[in-house]
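Comments concern the structure below.
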Amino acid sequence: MEDFKQGLRFKRVIDDDLEDLVEDDKVRKVVYCSGQVYYDLKAAREKRNIKDVAIVRVEQLAPFPFRSLRPMTTRFPNAETVWTQEEPKNAGAW
């Protein structure tokens, strides 16, 4: 309910909130996703105790939030960037 307080706004992009994520320049991969697949990715990361993979949620797909994503592209300078989705490539956001 805290996310619905008056004065808060919709977030087009939600940054990784893992408290013990490694330093930004040591993150090896940034996984962008949208929807409920985030929770599967988060659970798998926790189960495997992975601390060097960031998960960034793209909550708005159209129009695509290029400006909101820009800080993520510079925050993790040494990371490989990938997109993941549950649907086949021809049926989802890809």
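The values are calculated or read from the model by the stated rules, or taken from the named source; none is laboratory data. Since the model is a prediction, treat every value here as computed from it, not as a measurement. In this analysis, Cβ positions are derived from the backbone assuming ideal geometry, glycine residues included, and neighbour counts consider all displayed protein chains.
When the residues of region 38-89 are filtered to those that are part of a helix (DSSP H, G or I), of a type in the set (A, V, I, L, M, F, W, C) and surrounded by 11 or more Cβ atoms within 10 Å (Cβ to Cβ), which remaining residue is modelled with the lowest pLDDT? Spell out the reasoning first.
Step one: of region 38-89, the residues part of a helix (DSSP H, G or I) are 38-47, 66-75.
Still in the running and of a type in the set (A, V, I, L, M, F, W, C): 41, 43-44, 66, 69, 72.
Imposing the further condition that a residue be surrounded by 11 or more Cβ atoms within 10 Å (Cβ to Cβ) reduces the set to 41, 44, 69, 72.
Details: 41: 96, 44: 96, 69: 87, 72: 82.
So the residue we want is 72.
Which numbered condition in (1) acidic (Asp, Glu); (2) touching a residue at least 40 places away in the same chain (Cβ under 8 Å); (3) in a loop (DSSP other than H, G, I, E, B) is the only one that residue 17 fails?
Evaluating residue 17 over (1) acidic (Asp, Glu); (2) touching a residue at least 40 places away in the same chain (Cβ under 8 Å); (3) in a loop (DSSP other than H, G, I, E, B) leaves (2) as the failure.
Within region 1-14, track down each residue that is of a type in the set (D, E, K, R), under 20 Å from residue 68 (Cα atoms) and in a loop (DSSP other than H, G, I, E, B).
Matches in region 1-14: 9, 11, 12.
Filter region 31-62 down to the residues that are aliphatic (A, V, I, L, M) and without any contact (Cβ under 8 Å) to a residue 12 or more places away in the chain and list them by number.
Scanning region 31-62 gives 43, 44, 50, 62.
Among (1) modelled with pLDDT of 90 or more; (2) part of a loop (DSSP other than H, G, I, E, B); (3) touching an Asp or Glu at 6+ places or on another chain (Cβ under 9 Å), where does residue 35 come up short?
The failed condition is (1).
How do the pairs read when you match residues in region 69-81 that are under 14 Å from residue 23 (Cα atoms) with residues anywhere that are of a type in the set (Lys, Arg) and surrounded by 13 or more Cβ atoms within 10 Å (Cβ to Cβ), using Cβ under 8 Å and keeping only pairs 6 or more apart or on different chains?
Partner pairs satisfying both residue conditions: 78/28; 79/28; 79/29.
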